[in-house]
């Protein structure tokens, strides 16, 4: 994807060694999201090189993302750009297929090939919160405010955020956060398991850089296999999980033996 297309979608993308950085770049509207951005994220996700071991998602300026650009809900204000309001004229099947395409701009962050990190400063609202939840790990600035805003619009979270939210905080707390649409501050987010840490905003980049360094220190295969094992562990039986551990470890032994020339 070329820089012009990315810019039109409100994104920046950089790959430096084993680290890819995706930056939401619409600071004038607090990195509000659009269907064009979601489709571009899906395309980016499909093109991440195998050499990348960590993907960092961040927002330009003082907010991670204020969520859906409200202009996308107004049929008269989106111009030539694809709008969420367009869904109103589609059949049920077409609505589902379109939302599925949007969701792919979030699901790629679960890919076992790499670990994804959301570096969150300021607001992460609605779609912004769901984008952060799509990442494996979240590091917050101490001014971060998280909110699942969809219920105030008469909608539900549909960008793949409900599953990781329940996995992080449990059903009851997830329901309360979604149904009340209240703000969750950085300190509470750490306390209830939504984030690894909350640090002063000026230390956010350095903290994420330290985490990236720690994640890229082990052999890539060990991290990839571990992520794949952990992702589905809660849904598997112990016997199935034991089998997958054995198979993963066998692959690790084979790779290590090859590296040692044995």
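Every read-out reported here was derived from the displayed coordinates using simple, explicitly stated rules and does not represent laboratory data. None of these values were measured; they are calculated from a predicted model. Note that we place each Cβ from the backbone using ideal geometry, even for glycine, and neighbour counts take in every protein chain shown.
Worth a mention:
- Angle between the chain longest axis and helix 238-259 axis [Cα atoms, degrees, rounded to 10]: 70
- Helix axis angle, 92-107 relative to the chain longest principal axis, alpha carbon, degrees: 50
- Per-selection metrics, the chain (Cα): Rg and Dmax in Å: 19.1, 67
- Residue-span extension gain [residue 255 to residue 173] - 0.36 nm each, minus C-alpha spacing: 25.3 nm
- Packing-based order for 115-128, 15-28, using average beta carbon neighbours within 10 Å, highest first: 115-128, 15-28
- Whole-number D in µm²/s for segment 1-103 (Stokes-Einstein; Kirkwood sum over Cα pairs; 10 °C, 1.306 mPa s): 109
- Burial order of peptide ranges 134-145, 51-62 (average beta-carbon count within 10 Å, highest first): 134-145, 51-62
- Against the chain, whose longest principal axis is taken from its Cα atoms, helix 220-231 shows a tilt of about 60°.
- Considering every alpha-carbon pair of segment 52-106, the percent of pairs per 10 Å bin, from zero through the bin containing the longest distance, is 19, 38, 30, 12, 0.
- Subtracting the Cα-Cα distance of residue 155 and residue 205 from 0.36 nm times their residue separation leaves 14.6 nm of extension gain.
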